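A short worksheet on the structure shown next.
The values are calculated or read from the model by the stated rules, or taken from the named source; none is laboratory data. None of the values given here were measured: they were computed from a predicted structure. Every residue, glycine as well, gets a Cβ built from its backbone with ideal geometry; the counts of neighbours run over all protein chains shown. Only protein heavy atoms, including side chains, enter the accessible area calculation; ligands, DNA and RNA are left aside. Shrake-Rupley method; radii C 1.70, N 1.55, O 1.52, S 1.80 Å.
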Amino acid sequence: MRSIIIGFVAGAALLQNQPALPSTVLLSLMLILAILVALRTRDIREMALRIPLFVSCGLLAGFAWSGLFAQHYLAHALPKEWEGRDVTVVGTIDSLPYRFEQGVRFNFAVERIVDPEGDAPTVPPRLALSWYSAFHEDDLQGVGDVQPGARWQLTVRLRRPHGNANPEGFDYEVWLLEQNLRATGYVRPDRRSSLKNERIDAFVPGFGNVVERSRAWLRDRIVAALPDKEYAGVIVALVIGDQRAIVQSDWKVFNRTGVGHLVSISGLHITMVAGLFAALAAALWRRSFFTRAQLPLLLPTQKVAALAGAATALLYVLLAGFGVPAQRTLYMLAVVAAALWCGRITRVSHVLCAALGIVVLLDPWAVLWPGFWLSFGAVAIILYASVGRGNRHVAGLKGREKWRAMLAGAIHTQYVVTLGLVPLTMLLFGQVSLISPVANAIAIPLVSLLVTPLALVGSVLPAPLAGWVLGLAHLLVEWLALALQWMSGFSFAVWTSPITAWWAFLAALIGTLWLLAPSGWPARCLGLVGLFPIFLNVAAHPREGEMWVTAFDIGQGMALLVETPHRRLLYDTGPAYSTDSDGGSRVILPYLKARGIAKLDLMIVSHSDNDHSGGAASILDEIDVAAVSTSLPAGHAVLSHARRHERCEAGQQWAWDGIRFDMLHPAGESFDNPSLKPNARSCTLKITIGTQSILLPGDLEAGQEADLVENDREQLPSTVLLAPHHGSGTSSTPRFLSAVKPNIALFQVGYRNRYRHPKAEVFERYRQMGIRRIRSDDAGAVTLRFGRGLEVEEYRAAHARYWYDRPNAVE
């Protein structure tokens, strides 16, 4: 069985890396074949043949099952012709709503479509919706009090699932697919529709609705008891698993100190609570609830305790939102309880594999997320380093000896987890928290034994007891946060390195297993050799005579990383998405960290518009930026984060590694003209390597294009052009394009952006002039490698996945 499950997981992982799905018929035949072969393989006694066959059957079954699962979810698609059109739907609030400054987000289960004109589309059964208080800057609307389980009639504007596609970035599209959310959109204002947005029923009975309403009730109680408290979001996360209220600055501290796994409903918390209720049930049943019923004669106490523990774990996991670590613990406890009820002794490895198989069976996309591998990897490495090693049993010890044995066991477990997960964390994140053992030694007992029980009890107590108990839990979290902030401030708190290659990961994994082998294993210290490749890993860079340019898929904004053999420049930083999220923190920094880039030699912010400057502060606060060049006005918020700043002006030039950089715009006197818009002062940079070049004009408009053609025509010809102002109708004039004569034009635009960039007539103009057009909303991030030739790599094409939707593909 273990061989089949391991193969099944491998098959699911293989399917998730496919550019296209096989047909439903082929997948069904593959699944049937796998089952038939597995049934025949049971009769084979030779283990050398039996195990490979079982693994192969599992691989085929996992591939086919995951493909059929994906086919089923992908079938619920919004027709392309209904993108951007209003449709009125009736349904229920299907998730725990998340309220933010601009409105509220929630999932919506569609029951029916209101179709007064008889041309209703096929709407997916589940939608991810936002309800904004400000539809546009001058168009305010009231946001409804949406509660889980309530039935609403809403007029919405939908679009097909789409997210930014960048190397090492979060894949929003596959996350939506996993949640079976096959369209996203927003609620339209009442006055823009003939049908009113209104609540029809306060609550619609249903199992899922009861669970989500209970979670909302607990969250509301915690928030009410801890008004304006800094770490109320942490308490909410510990009780119901909703982490969305924890700010990014706190996550940074938690991740640097390696305690992020505790800021949720973890397996440890579930096991602790389930064990507590199991012990309580056993004590009461053993005493027949203090009656003369002699209940243990009817049903053994052990079975009652197992049932109570499993039921408690199920309830807690439902409150947790069914995250992977919670699922893993639930399924492991359920397998143990089932084995006990059936009177069968089961091995721990069987329990872990059973949980692994159930998770992937119910959610084939789980294999794509780091939490899946870290959760099962942590348990597996603990089992490897402890089971069957003759560990000291503490049951027969007393007093100090017992406490010393327990402390030694806890220290050994922390050592095993910290060392054992090094290869995996370097592969997934490119960093390891060196301060983690100390931080976890403090945080694990504090959070698990004090904060979590207090938070759980306080969330259900009546006022004012709830406020007192939750206040104490919050105070403990505050004290812990102060200690973690102090520890995270050390420069050595985290070891960072470029994302590890597969061969280096395997070498490190073998080395780690060698180090954690049982006593008596020969030369265990030689396992350190296996770790050398990941710790000696250095960032990749262009060779002499080469230059790399990465144009990020950052939504409606601009951001490009320019790399020479020894220098790096960032041109623009993308937009600010919200007060707590921007292109810098969401796209650029994860990419830089994954590449092992800890320093930028120059950051150019072309002008002050949000879609160009929104991510600058996050980047300046996080990594070393030697200098900043901008056209920003004095007093702009970004400048306060810069170590050294200078204005960009026409005539500035420099050379890095034999590559020439020329600033063509703006003229110095333009800064004295208050009537000019920020676009008119866009820092315009031309980079030349040999006979090739790229022109980065920011948001230049027709007037400034004409000035460049008039004054610097000889410098304009370029191999690659970043389309001015995202291809707006006020830029990319025929005269300018004729002067630049690009072979390739990059359009950094957001999918279905409200400005409708690039304008159709402008986009067509590029085609008529024979210029190859690449859109970021279709291609994803684009990597240009200049050298003897020019190599162009589009992320969505080079890393094609079956869930990618490319509606704007350019022929």
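So here's what we get for this one:
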{"quantity": "Unmet requirement for Gly103, which otherwise passes all of (1) at pLDDT 95 or above; (2) open to solvent by less than 30 Å² (accessible area, probe 1.4 Å)", "calculated": "(1)"}
{"quantity": "Selection count, the range 228-254, where residues are touching a residue at least 40 places away in the same chain (Cβ under 8 Å), part of a helix (DSSP H, G or I) and either crowded, with 18+ Cβ neighbours inside 10 Å or of a type in the set (D, E, K, R) (or both)", "calculated": "10"}
{"quantity": "Whichever residue in the range 442-462 is under 12 Å from Val263 (Cα atoms) and small (Gly, Ala, Ser) and, among such residues, is modelled with the lowest pLDDT", "calculated": "Ser448"}
{"quantity": "Considering residues of the range 143-160 that are touching a helix residue (DSSP H, G or I) at 6+ places or on another chain (Cβ under 8 Å) and open to solvent by 10 Å² or more (accessible area, probe 1.4 Å) only, the residue farthest from Arg199 (Cα to Cα)", "calculated": "Arg160"}
{"quantity": "Out of Val451, Val457, sole residue that is β-branched (Val, Ile, Thr), in a helix (DSSP H, G or I) and open to solvent by less than 60 Å² (accessible area, probe 1.4 Å)", "calculated": "Val451"}
{"quantity": "Residue list for the range 576-603, filter: within 22 Å of Cys683 (Cα to Cα) and open to solvent by less than 10 Å² (accessible area, probe 1.4 Å)", "calculated": "Gly583, Gly584, Ile588, Leu600, Met603"}
{"quantity": "Residues of the range 570-595 satisfying the condition of being of a type in the set (Ser, Thr, Tyr), over 12 Å from Ala617 (Cβ atoms) and part of a helix (DSSP H, G or I)", "calculated": "Tyr591"}
{"quantity": "In the range 1-57, the residues that are outside any helix (DSSP H, G or I), of a type outside the set (A, V, I, L, M) and more than 35 Å from the chain's Cα centre (by Cα)", "calculated": "Arg42, Asp43, Arg45, Glu46"}
{"quantity": "Members of the range 721-743 found to be open to solvent by less than 50 Å² (accessible area, probe 1.4 Å), within 17 Å of Ser693 (Cα to Cα) and over 32 Å from the mean Cα position of the chain (by Cα), listed by number", "calculated": "Phe736, Leu737, Ala739, Val740, Pro742"}
{"quantity": "In the range 604-624, residue farthest from Leu700 (Cα to Cα) [restricted to those that are open to solvent by less than 10 Å² (accessible area, probe 1.4 Å) and outside any helix (DSSP H, G or I)]", "calculated": "Gly615"}
{"quantity": "Test result for Gly275, out of contact with any helix residue (DSSP H, G or I) (no Cβ under 6 Å at 6 or more places or on another chain), of a type in the set (Gly, Ala, Ser), open to solvent by less than 20 Å² (accessible area, probe 1.4 Å) and part of a helix (DSSP H, G or I)", "calculated": "no"}
{"quantity": "Selection from the range 392-430 of residues that are over 28 Å from Ala507 (Cα atoms) and either modelled with pLDDT of 85 or more or not in a helix (DSSP H, G or I) (or both)", "calculated": "Arg392, His393, Val394, Ala395, Gly396, Leu397, Lys398"}
{"quantity": "Criterion (touching a His at 6+ places or on another chain (Cβ under 9 Å) and either of a type in the set (S, T, N, Q) or open to solvent by 20 Å² or more (accessible area, probe 1.4 Å) (or both)) met by exactly one of Val335, Val348, Val324", "calculated": "Val335"}
{"quantity": "Count of the range 625-635 residues which are at pLDDT 95 or above and not in a strand (DSSP E or B)", "calculated": "4"}
{"quantity": "Checklist (1) touching a Pro at 6+ places or on another chain (Cβ under 9 Å); (2) over 25 Å from Thr691 (Cα atoms); (3) part of a loop (DSSP other than H, G, I, E, B); (4) not hydroxyl-bearing (Ser, Thr, Tyr) applied to Gly545, failing item", "calculated": "(2)"}
{"quantity": "Hits in the range 666-685 - residues which are open to solvent by 20 Å² or more (accessible area, probe 1.4 Å) and either of a type outside the set (Asp, Glu) or touching a strand residue (DSSP E or B) at 6+ places or on another chain (Cβ under 6 Å) (or both)", "calculated": "Ala667, Gly668, Phe671, Asn673, Pro674, Ser675, Leu676, Lys677, Pro678, Arg681"}
{"quantity": "Checking Phe203 against (1) surrounded by 14 or more Cβ atoms within 10 Å (Cβ to Cβ); (2) at pLDDT below 95, the condition it does not meet", "calculated": "(2)"}
{"quantity": "Qualifying residue in the range 512-527 (condition: open to solvent by 30 Å² or more (accessible area, probe 1.4 Å) and under 25 Å from the mean Cα position of the chain (by Cα))", "calculated": "no"}
{"quantity": "Residues within the range 700-720 that are open to solvent by less than 50 Å² (accessible area, probe 1.4 Å) and of a type outside the set (A, V, I, L, M, F, W, C), tallied", "calculated": "7"}
{"quantity": "Output for the range 686-696, where each listed residue is touching a residue at least 60 places away in the same chain (Cβ under 8 Å), touching a Lys or Arg at 6+ places or on another chain (Cβ under 9 Å), open to solvent by 10 Å² or more (accessible area, probe 1.4 Å) and part of a strand (DSSP E or B)", "calculated": "Ile689"}
{"quantity": "Qualifying residue in the range 792-804 (condition: out of contact with any Pro (no Cβ under 9 Å at 6 or more places or on another chain), modelled with pLDDT under 95 and either among the acidic types (Asp, Glu) or open to solvent by 10 Å² or more (accessible area, probe 1.4 Å) (or both))", "calculated": "no"}
{"quantity": "Residues (in contact with a helix residue (DSSP H, G or I) (Cβ under 9 Å, 6 or more places away or on another chain) and either open to solvent by 70 Å² or more (accessible area, probe 1.4 Å) or among the hydroxyl-bearing types (Ser, Thr, Tyr) (or both)) located in the range 646-665", "calculated": "Arg647"}
{"quantity": "Check on Ala61, in contact with a helix residue (DSSP H, G or I) (Cβ under 7 Å, 6 or more places away or on another chain), open to solvent by 10 Å² or more (accessible area, probe 1.4 Å) and among the hydrophobic types (A, V, I, L, M, F, W, C)", "calculated": "yes"}
{"quantity": "Subset of the range 705-735 (residues that are among the polar types (S, T, N, Q) and in contact with a helix residue (DSSP H, G or I) (Cβ under 9 Å, 6 or more places away or on another chain))", "calculated": "Gln715, Ser718, Ser728, Thr730, Ser731, Ser732, Thr733"}
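This table checks each residue for (1) modelled with pLDDT of 95 or more; (2) at negative phi; (3) outside any helix (DSSP H, G or I); (4) not basic (Lys, Arg).
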| position | (1), (2), (3), (4) |
| --- | --- |
| Met663 | yes, yes, yes, yes |
| Asn679 | yes, yes, no, yes |
| Gly698 | yes, no, yes, yes |
| Ser738 | yes, yes, no, yes |
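Matching residues to (1) at pLDDT below 95; (2) part of a loop (DSSP other than H, G, I, E, B):
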| site | (1), (2) |
| --- | --- |
| Glu117 | yes, yes |
| Val123 | yes, yes |
| Phe135 | yes, no |
| Val143 | yes, yes |
| Pro148 | no, yes |
| Glu168 | yes, yes |
| Glu173 | no, no |
| Arg191 | yes, no |
